[in-house]
Amino acid sequence: MPQPVADLDRLFQALADPTRRAVVERLGSGPAATSELARPFAMALPSFLQHLDVLEKAGVVTSLKVGRVRTFRLTPQPLQAAEGWMATQRRLWERRLDQFDHYVLTMKETEQSP
């Protein structure tokens, strides 16, 4: 499998979980420490750390440890790649739907012609 496709697969898999999406949304407003990110979730810290690990392996976040505090921040490139892929899909389907619409209108006109 080509690397960009594998990267997108890993990204979408990471974003498939609501906890991880919530973390990404929170990091959209700036970097945060692990404890701050974990606070809103009713789960054990080791379980939450697994979510952060998935996001980090997908390249969505990066972390930096200073002393005992690990801080996470968003990495925009993978999200931009997903946005580009989705925009391409949107253009493709809009074109197909426009062609279908044109076909239906042509068929309708053909049926109405004497």
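Nothing in this text is a laboratory measurement; each read-out follows from the coordinates by a stated rule. Only a predicted model underlies this, so the values are computations on that prediction, with no experimental measurement involved. Cβ sites come from the backbone with ideal geometry, for glycine too, and all protein chains shown count toward neighbours.
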* Structure fact -> If we take region 8-65, then helices (runs of 4 or more DSSP H) inside it with 3 or more residues that are aliphatic (A, V, I, L, M) and under 19 Å from residue 78 (Cβ atoms) are 18-27, 45-57
* Cβ pairs under 8 Å, 6+ apart, first in region 89-100 and closer than 18 Å to residue 8 by Cα, second of a type in the set (Val, Ile, Thr) -> none
* Structure fact -> Across region 72-101, the tally of residues that are surrounded by 15 or more Cβ atoms within 10 Å (Cβ to Cβ) and touching a helix residue (DSSP H, G or I) at 6+ places or on another chain (Cβ under 8 Å) stands at 7
* Asked: Taking the stated definitions as given, is residue 13 closer than 19 Å to residue 69 by Cα and polar (S, T, N, Q)?
  -> no
* Considering each residue of region 71-88, count those that are part of a helix (DSSP H, G or I) and without any contact (Cβ under 8 Å) to a residue 60 or more places away in the chain, and give that number. => 8
* Structure fact -> The condition of being loosely packed, with under 12 Cβ neighbours inside 10 Å and touching a residue at least 12 places away in the same chain (Cβ under 8 Å) holds, among 18, 31, 40, 46, only for 40
* To do: Would you check which residues across region 56-70 are surrounded by 15 or more Cβ atoms within 10 Å (Cβ to Cβ) and touching an Asp or Glu at 6+ places or on another chain (Cβ under 9 Å) and list them?
  => 58, 59, 63
